[in-house]
Amino acid sequence: MKEQLDYKAFINITQEMVELVQGSTEHYGVYKNIHVNMSDLSEAGNRAVAGMPATTTAAAGASHWEACHDWMDAQHTLFQLANLCAAVSLLTPSSFRHHLLFLRCLLLISFLLFILWAGLFECMLDVLVWNCLFFAVDLVHIIILVYTNIPSRFNKSLLDLYDKKMKPLKVGRRDFAELCSHGNIIPLRKGIKYAMENVTPCGEKVSILLRGRLKVSHDGVFLHSVEPNEFVDSPEFDSIPLIGDSTEKYQVTITSSEDSLILSWCHTTLRSYLATNSFMWTVFTHLVGKDVSDKLYKIQELLLREPTDRHSPSFLTRNSSMVNVRKCLLTSDGRQSSLTNGKNEMLTFCRIQL
């Protein structure tokens, strides 16, 4: 009962104060009454709030939050545009190639608009500071994304090699540029010998012809030519062991038949790089194996197309051996040594016995 009386006294004093303020304030007694009533109001208010039941307090709080009758006007256009950019960024489809970069750019614009709105029109320090922080973080992300997505630039002479050999195998421009960075582009004048049979050791280099044409011969007999985007010495690269030095020599002479350009790698450097990149190792060995097969079939076609007297005595034997080698490859247990031995045997029959 006492708590209810205190609460009623608090209400009455409040009403009295409002009436006094609205009335005439010319007499000193009015000010005195206001001063006294304010003291009483403070004391009674403290007692009322302290003694008010929990349910009454909760009801008063609920009525305060629910009583949102006076809505504010719509915010500035910058505020609306900022939210629109944020909404569009969240609707970016993941199938879009650069969707992450597009999303980040829209969020950056959104944060910038929030900064302008909070700093120029509303003067809200906390909103301004938070959006400046978001803007800085998002800008760093955009710089990283741009750096990682910029296409790697490399020599124009390597572009055709990438388009015809590497790109169909899903090799990225960055991986290809890194592979090429371990090699050197070397020009070859017409008539310059790239390798000499029984003189040049294997295992020192491996090269791809970028421009021009090379002639491969054995003991003065033409075997085949090397065209652009083909390996120059893929059989020799494939025949040497993975670990350890090789004492083998080139069994053919490779000569530049016109001004040419090659991309050459040091064998040790290339092996070290490929050992750290399993994907490029798979791609490179695939290209080497395909190049070896192409060269072998070129020689086989030459034998079938020009069965001269010089080739006739041993042609049947060689053709039979090629069949046996193919059987060996098809029935091998899949080990790398079997595949390498098969390729070496094919190389021996086609390059030496010709």
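The Stokes-Einstein estimate for segment 127-223, based on a Kirkwood radius over Cα pairs and taken at 10 °C with 1.306 mPa s viscosity, is a diffusion coefficient of 88 µm²/s. Descending by average beta-carbon neighbour count within 10 Å, the peptides 98-104, 204-210 line up as 204-210, 98-104, the highest first.
Near the amide H of Arg213, within less than 5 Å, lie the amide hydrogens of Ser257, Glu258, all on another chain or at least 5 residues away, with H placed in the peptide plane. Can you classify segment 241-302 as rounded, prolate or oblate using the Cα gyration tensor, where a ≥ b ≥ c are the square roots of its eigenvalues, rounded means a/c under 1.5, and otherwise it's prolate if a/b beats b/c and oblate if not? Taking the square roots of the gyration eigenvalues as a ≥ b ≥ c, segment 241-302 is prolate. Computed packing ranks the peptides 124-137, 107-120, 182-195 as 107-120, 182-195, 124-137, most packed first, by mean other Cβ atoms within 10 Å.
Please list, ordered by chain and number, the residues whose modelled amide H lies under 5 Å from the amide H of Lys249; skip anything fewer than 5 residues away on the same chain. Under 5 Å from the amide H of Lys249: Cys202.
Every number in this text was worked out from the coordinates using simple rules, so none of it is lab data. The structure displayed is predicted, hence computed values, not measured ones. No Cβ is skipped: glycine too gets one built from the backbone with ideal geometry, and neighbour counts run over all protein chains shown.
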